[in-house]
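Undergrad: Take this structure, written in structure tokens, and hold onto it; I'll ask about it next.
Bear in mind that the values in this text are calculations on the coordinates, not laboratory data. Since we're looking at a predicted model, the values are computed, not measured. Here Cβ is always computed from backbone atoms with ideal geometry, including for glycine, and neighbour counts include all displayed protein chains.
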Ligand SMILES: Cc1ncc(COP(=O)(O)O)c(C=O)c1O
């Protein structure tokens, strides 16, 4: 899963770093450079996972700009906030994520983090503290950073089967078969909505079965919710998370605002942990705070302050919801158009979120890039938002010979 960090043969005493093995550059970031240097006018970028508008831009949202203006006028201090970050941000966001009732639970504790990645890492560090010998089970496939985040924190990682390429759906039977063998006390990492990279969705009934399994077998769900509002709607996309939190004594949730508020580089996220009792939640919180102190001391403020201002200002909140609905509609309209454009792409219409995985061999991915200027991740993952209704015919024409 990861390259060796230490070379087997240290090169000598004079270079203290000689024992390090060179690490490969991030493949998707490499794709950005290739795309940038491609001079062809009809090139299509479906690689990097950011939302794109019809003109190919990843704009700053109106509500974000307006909140930034307010902050500029009204912020009176940049003094430290503390390891929990902006507490009002976390409280307001909890209502959006967990719903009114669960957000009030004194068994749930939440803090601001440095993006969804920071939330995953902070959760991993907590697991290392409470369950040093447990294993985190991740789906095959999953977001490529999941494995490294847990491994770097010293938490063992194994995979469960999730996606059936032939039917382009969740292979729920295989998933359950693998999870049946997970040891009590282990952790299952689940994408709350909009699975990255497949877009495949679990039904409410299937989520119920997962909740039952966690309860019966004493497994801890660790939910990664990075695309709330970009699938079916804010409440719809949080339904599985709320269902698991309601059904189980303990659960962990890593959250990202970087997609649904378009704040990517500002690194805005949150970690929530549900414990069996308020007293336990208070102890969990003290541990989260001490771990955050050791990781980044305090999370960066600006992005979370923007989200707070949006959520506490009724006009901005309403406008953000409109903008989010527009983003969602754009993605889902592209899904519908892709599904109608070729019989082998019909599955894309049933999936949700920004991504789909095309059944392509690695050499077909390279051929599409070289011959047609169509860029996608090496595993055939496409960012649907990189398309437009006018570019779909060229994309499907380039793809069809490889299907
Ligand atoms: C499934 C998933 N989880 C977490 C993240 C991390 O998001 P952030 O940029 O907020 O760290 C991403 C980002 O691509 C993601 O796709």
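Undergrad: By the gyration tensor of its Cα atoms, with a ≥ b ≥ c the square roots of the eigenvalues, what is the shape of region 1-153: rounded for a/c under 1.5, prolate for a/b over b/c, or oblate? Show your work: numbers first, answer last.
TA: Working: a/c = 1.81, a/b = 1.18, b/c = 1.53.
Because a/c hits 1.5 or more and a/b fails to exceed b/c, region 1-153 counts as oblate.
Undergrad: Under 8 Å for C-alpha pairs, at least 6 residues apart: give me the relative contact order for region 279-371, rounded to a whole percent.
TA: That works out to 11 percent.
Undergrad: For region 63-314, take N as its residue count and report Rg(C-alpha) divided by 2.2 N^0.38 Å. Don't skip to the end; give the middle numbers.
TA: Details: Rg = 17.6 Å, N = 252, 2.2 N^0.38 = 18.0 Å.
Cα-based Rg divided by the globular estimate yields 0.98.
Undergrad: Determine, for each peptide in 303-311, 129-137, the mean count of other beta carbons within 10 angstrom over its residues, then list the peptides with the highest first.
TA: The most tightly packed comes first, giving 303-311, 129-137.
Undergrad: Want the number for residue 298 to residue 312: 0.36 nm per residue separation, take away the alpha-carbon distance, what's left? Can you show the working numbers first?
TA: Details: separation 14, 0.36 × 14 = 5.04 nm, distance 2.23 nm.
Difference between extended and current length: 2.8 nm.
Undergrad: Mind ranking 312-323, 262-273, 342-353 by how tightly packed they are, going by the mean number of other C-beta atoms within 10 angstrom, highest first? Please list the in-between numbers first.
TA: Numbers: 312-323: 15.4, 262-273: 22.9, 342-353: 18.0.
Peptide ranking by packing, descending: 262-273, 342-353, 312-323.
Undergrad: Then there is this: Order the peptides 224-233, 237-246 from the highest to the lowest mean number of other Cβ atoms within 10 Å of their residues.
TA: Those peptides, ordered most packed to least, come out 224-233, 237-246.
Undergrad: What list do you get for 101, 236 if you sort them by fewest beta carbons within 10 Å? Walk me through the numbers on the way to the answer.
TA: Values: 101 10, 236 14.
In order of increasing Cβ crowding within 10 Å: 101, 236.
Undergrad: Need one word for region 169-283: rounded, prolate or oblate. Basis is the Cα gyration tensor (sqrt eigenvalues a ≥ b ≥ c); a/c below 1.5 gives rounded, then a/b vs b/c decides.
TA: oblate
Undergrad: Can you give the calculated 222 nm mean residue ellipticity of the chain, where each DSSP H run of n ≥ 4 adds -39,500 (n - 2.57) and the sum is split over every residue, rounded to the nearest 500 deg cm²/dmol? Please report the intermediate quantities before stating the final value.
TA: On the way: 14 runs with 176 residues, N = 403.
The helix-only estimate for the chain comes to -13500 deg cm²/dmol at 222 nm.
Undergrad: Once the piece of chain linking residue 176 and residue 290 is laid out straight, how much longer is it, given 0.36 nm per residue of separation minus the C-alpha distance between them?
TA: Going from the current span to full extension adds 37.5 nm.
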